[in-house]
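Note sheet for the following structure.
The values are calculated or read from the model by the stated rules, or taken from the named source; none is laboratory data. Everything quoted here is computed from the prediction, not taken from an experiment. Because the Cβ atoms are built from the backbone with ideal geometry, glycine has one as well, and the counts that use them run over all protein chains shown. These area figures cover heavy atoms from the full protein model, side chains too; ligands, DNA and RNA do not enter into them. Shrake-Rupley method; radii C 1.70, N 1.55, O 1.52, S 1.80 Å.
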Amino acid sequence: MAILNVNPTRMELQGLKRKLVTARRGHKLLKDKRDELMRIFLEMVRENRALRVEVEAALTASNRHMAVARGVMPREALDAALMLPKQALELEITEKNVMSVLIPVYQAKFRTADENDIYSYGYAFTSSDLDDAVASLADVLPKLIRLAEVEKSCQLMAAEIEKTRRRVNALEHVMIPQYEETIRYITMKLDENERSATTRLMKVKDMMLQAAHEYA
């Protein structure tokens, strides 16, 4: 591991030790964040899988009813029945902060609270299969909205997990080892300088004692 390009001084040594403590603390916090993000992500993935199965089954049933309705009703009658819907949907999108990740929250608001407003036609000239298809779509709509919310949240969570993982790896395999190696290098240099200074002092002392002895 390459060391940092710094002067081997005590001031640099103290600064690097402080940075090492900060890096280790940051590494632990990021690891905890990554683990918590993974836990939440896996819960969302399980929910996403279950919702997708339910939504696909409901949509398949709705398509089956609609296919039967198309078979028994004239096309003009079917188009006229669905031309002017009574109900309207407004989707309100907000955000929720989960471990520094802003995930979306979708809230569906209908124009009216009457459940029968999903039928935009009278029952005299329409097929019961059309009623079943419309009812099936109305029932699956909240799950479909929740599925979109969960899938988008999973995408954002996955991106944040990858970003956090890279930061953890950078600290664990690059920055912290560099700090440790540089600290060892500076400590070794300072010890060498201290030993050299002690050796010089001892030699100077010996020379002074020898000079004093010769003078005496």
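Numbers for the structure displayed
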{"read-out": "Verdict on residue 86 being over 21 Å from residue 55 (Cβ atoms) and touching a Ser or Thr at 6+ places or on another chain (Cβ under 7 Å)", "value": "yes"}
{"read-out": "Positions within region 172-189 being without any contact (Cβ under 8 Å) to a residue 60 or more places away in the chain and either within 28 Å of the chain's Cα centre (by Cα) or open to solvent by less than 30 Å² (accessible area, probe 1.4 Å) (or both), in sequence order", "value": "173, 174"}
{"read-out": "Qualifying residue in region 134-142 (condition: within 33 Å of the chain's Cα centre (by Cα), over 30 Å from residue 2 (Cα atoms), open to solvent by 50 Å² or more (accessible area, probe 1.4 Å) and not aliphatic (A, V, I, L, M))", "value": "yes"}
{"read-out": "Single unsatisfied condition, residue 107 versus (1) open to solvent by 90 Å² or more (accessible area, probe 1.4 Å); (2) outside any helix (DSSP H, G or I); (3) touching a residue at least 24 places away in the same chain (Cβ under 8 Å)", "value": "(3)"}
{"read-out": "Subset of region 143-171 (residues that are among the small types (Gly, Ala, Ser), in contact with a helix residue (DSSP H, G or I) (Cβ under 9 Å, 6 or more places away or on another chain) and open to solvent by 40 Å² or more (accessible area, probe 1.4 Å))", "value": "158"}
{"read-out": "Region 143-171, subset under 30 Å from residue 80 (Cα atoms) and of a type outside the set (D, E, K, R), residue nearest to the chain's Cα centre (by Cα)", "value": "145"}
